[in-house]
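Notes follow once the structure below has been shown.
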């Protein structure tokens with residue numbers, strides 16, 4: 001029986017999603033989508049049980065003889081080649097899984113044949129792969145993908161495959177670690193910059209950006225944060241867009257909900273630096289990461305990406 005289906009899994013900070021994909025056609029089976037809330041500070045048993053339940057649901061729709069394997073979009077730090085979690089208390093999520101082999105534990109719990117491939121990749125990279133496969137950047141030879149949220153996720157894609165080592169891209173093929181102002185890019189192009197900056201200016205604290213965005217449509221102080229964010233993001237990205245000669249920039253993540261606020265100064269910044277490329281907000285969002293993780297089970301694609309996983 002042909003193994004043409006894979007389960008794509010996206011592990012978020014507070015939930016997990018899983019869905020079946022036909023990896024030959026590049027199509028999702030939306031009726032198999034399963035999402036489950038997870039306590040990111042729970043015990044290993046608690047977390048693995050929630051993950052197992054979410055993954056188990058799409059498998060009930062499938063003759064397991066057709067299963068090519070399961071792909072995981074995982075936040076880092078993570079040993080993607082061996083399936084071992086390196087998340088710890090400093091990352092503020094899933095610290096109870098530190099040094100545990102995620103693949104081995106889940107195979108036991110799901111009672112899946114040990115030879116069934118379980119493959120892992122960074123969640124932002126999975127998003128970029130999915131967008132280049134079936135999303136907004138499909139059809140472009142070179143694209144850059146951003147996930148703007150709790151962190152500054154990013155990836156460079158050429159002909160559908162992520163890049164991690166080349167002269168025209170940053171180290172590791174992502175932006176988060178690049179020095180910027182008094183810290184690194186991840187400190188400024190993420191949710192915590194908004195909440196921290198607003199608290200610094202007003203003395204008021206918010207847990208997320210949505211509350212600040214709601215205020216920004218009426219309050220000048222809040223609006224100024226989105227102007228600062230958008231123009232800063234444009235100035236930061238422009239040299240890399242030029243160097244890489246990207247044809248498309250696709251943006252996902254929770255902060256896209258405020259694109260109407262930071263988008264205009266962002267586009268103005270790119271225009272001022274004579275940057276011309278397609279900029280698109282993802283329509284797939286999390287679905288892109290699900291598709292990208294499942295594509296790891298497509299034999300031809302895996303042959304191209306397996307050597308890269310060892311370096312991620």
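For the stretch 59-102, what are the residues that are assigned to a helix (DSSP H, G or I) and either in contact (Cβ under 8 Å) with a residue 24 or more places away in the chain or not assigned by TED's automatic domain parsing to the domain that holds residue 41 (or both)?
Applying the first criterion (assigned to a helix (DSSP H, G or I)) to the stretch 59-102 yields 59, 64-66, 89-91, 95-97, 102.
Result: 59, 64, 65, 66, 95, 96, 97, 102.
Scoring residue 279 on the criteria (1) in the same structural domain as residue 178 (by TED's automatic domain parsing); (2) closer than 29 Å to residue 195 by Cα; (3) not in a strand (DSSP E or B) leaves a single failure, condition (3).
Residues being in contact (Cβ under 8 Å) with a residue 12 or more places away in the chain, surrounded by fewer than 18 Cβ atoms within 10 Å (Cβ to Cβ), outside the structural domain of residue 16 (by TED's automatic domain parsing) and part of a helix (DSSP H, G or I) are represented in the stretch 244-258 by at least one member.
When the residues of the stretch 82-102 are filtered to those that are surrounded by fewer than 20 Cβ atoms within 10 Å (Cβ to Cβ) and touching a strand residue (DSSP E or B) at 6+ places or on another chain (Cβ under 8 Å), which remaining residue is nearest to residue 309 (Cα to Cα)? The selected residue is 82. Go through the residues of the stretch 37-49 one by one and say whether even a single one is assigned to a strand (DSSP E or B) and either touching a strand residue (DSSP E or B) at 6+ places or on another chain (Cβ under 6 Å) or modelled with pLDDT of 95 or more (or both). Yes, there is a match, as at least one residue in the stretch 37-49 is assigned to a strand (DSSP E or B) and either touching a strand residue (DSSP E or B) at 6+ places or on another chain (Cβ under 6 Å) or modelled with pLDDT of 95 or more (or both).
Applying the criterion of being surrounded by 15 or more Cβ atoms within 10 Å (Cβ to Cβ) and in contact (Cβ under 8 Å) with a residue 12 or more places away in the chain to the residues of the stretch 132-141, the residue that is farthest from residue 27 (Cα to Cα) is 140.
Those strands (runs of 3 or more DSSP E) of the stretch 142-215 in which at least 2 residues are crowded, with 24+ Cβ neighbours inside 10 Å, considering only elements entirely within it, cover 142-148, 152-158.
The values are calculated or read from the model by the stated rules, or taken from the named source; none is laboratory data. These numbers were taken from a predicted model, which means no experiment stands behind them. For neighbour counting, all protein chains shown are included, and Cβ atoms are generated from backbone atoms with ideal geometry for every residue, glycine included.
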